[in-house]
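Below is one structure, written out as structure tokens, with a few remarks after it.
The values are calculated or read from the model by the stated rules, or taken from the named source; none is laboratory data. For clarity, every value in this text was computed on a predicted model and none was experimentally measured. Neighbour counts are summed over all protein chains in view; Cβ atoms, including those assigned to glycine, are modelled from backbone coordinates with ideal geometry.
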Amino acid sequence: MSIKNGLPGRLKILRIGKHVIGENHPCLIIAEAACEHKGSLRTAKKMARAAKKAGADIVKFQLHLPETEMIPKVVRFWAGSMEEVLKKVNLSLDDHRKLMHYCKSIGITYLCTAYCPAGIDVLQDLGVEAFKIGSGEMTNLPMIRKVAKISAKTGKAVLVSTGMSTLDEVVETAGVLQEEGAHFMLFNCTSEYPPKYEHLNLGLMEILRNRFKVQVGHSDHTPENYAAFAAVALGAKAVEKHFTLDRKDRGPDWRVSLEPKELQALVEGIRKIEAACGTQKKLHREEQPVRHWAHHSVVSLCDITAGSTITPEMVGVKRPGWGVPAKFLEKFYGSVAVKEISANTLLRWEDVRS
């Protein structure tokens with residue numbers, strides 16, 4: 001979304017298939033399956049089913065083209081070079097095609113992250129409904145411009161994570177997206193696995209929203225749900241969270257992944273938080289029974305004889321609240337009792353005269 005295309009004071013909504021991202025719409029919940037399937041299409045389908053059952057809106061996978069993404073044998077991990085590791089956990093292009101159709105058949109939206117411009121072409125040919133850009137590709141401006149042009153032409157949303165970057169780099173990336181007229185949103189993200197809580201900076205979402213006039217989300221790598229819940233309370237319109245079928249399987253991201261029951265708890269918690277984030281102050285019907293006894297009324301603090309002039313020492317306020325409201329206490333000062341009044345009696349206007 002470019003600023004010039006936005007309405008003053010309002011943020012443009014985005015659409016991913018049946019899902020709408022924007023104010024007055026539910027937070028989009030993305031279950032990041034990543035490569036936790038370890039290259040098994042069967043497991044990937046099982047993850048899609050688990051995400052659907054947990055209530056997630058989208059299940060997101062990763063498309064890796066190792067030979068295109070990086071120089072061979074430069075980046076190394078304990079299990080070998082980066083491209084060797086990726087080959088072990090990668091799905092084939094045909095697998096992705098089958099997986100996307102499977103997700104559609106069970107009623108959950110397929111999303112996939114590409115890591116090079118060629119991957120964007122592959123996903124576009126597959127017919128994806130949106131594009132996710134990971135933090136590592138956020139500063140790849142040629143790739144950003146490519147996906148931005150596709151977005152401007154097709155209306156497909158571009159979801160951009162902003163981890164391991166400076167604000168100046170976010171400005172550059174957003175500038176390219178805006179120049180091309182892309183329909184995009186920005187995700188607050190900290191690319192640590194897992195991150196320290198003091199590094200999450202959830203308050204950045206407001207800065208990103210106000211500075212770039214776009215919808216914002218949070219891509220969370222903590223192993224718990226706390227930060228995601230806080231992000232929703234702070235206005236995140238999309239939350240992305242890693243998940244796995246079983247952490248004991250030790251997939252690539254198992255340390256920061258939720259299991260299905262935890263993912264379900266995330267979804268349920270987010271929906272409850274959304275329901276709680278209204279801004280209208282009103283007296284609810286369900287509050288009335290409590291209000292009836294919990295508010296305070298004007299009462300006599302002692303026995304009062306008929307004809308006595310009421311002084312502040314004679315009257316006060318106590319529960320329940322179905323008598324003369326406490327705010328009228330001082331109206332009784334100086335009035336004259338027209339009848340005998342026992343202590344701890346709810347006073348009525350007709351019990352006194354001026």
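Could you tell me whether region 282-291 includes any residue that is touching a residue at least 12 places away in the same chain (Cβ under 8 Å), assigned to a helix (DSSP H, G or I) and over 30 Å from K38 (Cβ atoms)?
yes
Kindly check whether there is at least one residue in region 323-345 that is among the hydrophobic types (A, V, I, L, M, F, W, C), within 30 Å of N24 (Cα to Cα) and in a loop (DSSP other than H, G, I, E, B).
Checked region 323-345: no residue is among the hydrophobic types (A, V, I, L, M, F, W, C), within 30 Å of N24 (Cα to Cα) and in a loop (DSSP other than H, G, I, E, B).
For every residue, the table says whether it meets (1) more than 28 Å from Q264 (Cβ to Cβ); (2) surrounded by fewer than 22 Cβ atoms within 10 Å (Cβ to Cβ); (3) not charged (D, E, K, R).
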residue	(1), (2), (3)
N24	no, yes, yes
R42	no, yes, no
G55	no, yes, yes
L93	yes, yes, yes
M100	no, yes, yes
V122	yes, yes, yes
V128	no, no, yes
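State which residue is farthest from E287 (Cα to Cα) when the search covers only region 297-338 and only residues that are charged (D, E, K, R) and surrounded by 12 or more Cβ atoms within 10 Å (Cβ to Cβ).
Out of the qualifying residues, it is D303.
Criterion first (in contact with a His (Cβ under 6 Å, 6 or more places away or on another chain), closer than 22 Å to I13 by Cβ, surrounded by 18 or more Cβ atoms within 10 Å (Cβ to Cβ) and small (G, A, S)) does S161 satisfy it?
Answer is no for this residue.
Let's see how each residue does on (1) touching an Asp or Glu at 6+ places or on another chain (Cβ under 9 Å); (2) in a strand (DSSP E or B); (3) over 21 Å from Q62 (Cβ atoms):
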| position | (1), (2), (3) |
| --- | --- |
| Q124 | no, no, no |
| K132 | yes, yes, no |
| P142 | no, no, no |
| S151 | yes, no, no |
| D168 | no, no, yes |
| A174 | no, no, yes |
| Q178 | no, no, yes |
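As an exercise: evaluate R247 against (1) within 22 Å of P26 (Cβ to Cβ); (2) touching a helix residue (DSSP H, G or I) at 6+ places or on another chain (Cβ under 6 Å) and give the number of the one condition it does not meet.
Of (1) within 22 Å of P26 (Cβ to Cβ); (2) touching a helix residue (DSSP H, G or I) at 6+ places or on another chain (Cβ under 6 Å), only one is false for R247: (1).
Is it the case, given these coordinates, that T154 is surrounded by fewer than 16 Cβ atoms within 10 Å (Cβ to Cβ), modelled with pLDDT under 95 and out of contact with any Lys or Arg (no Cβ under 7 Å at 6 or more places or on another chain)?
No: the conditions fail for T154.
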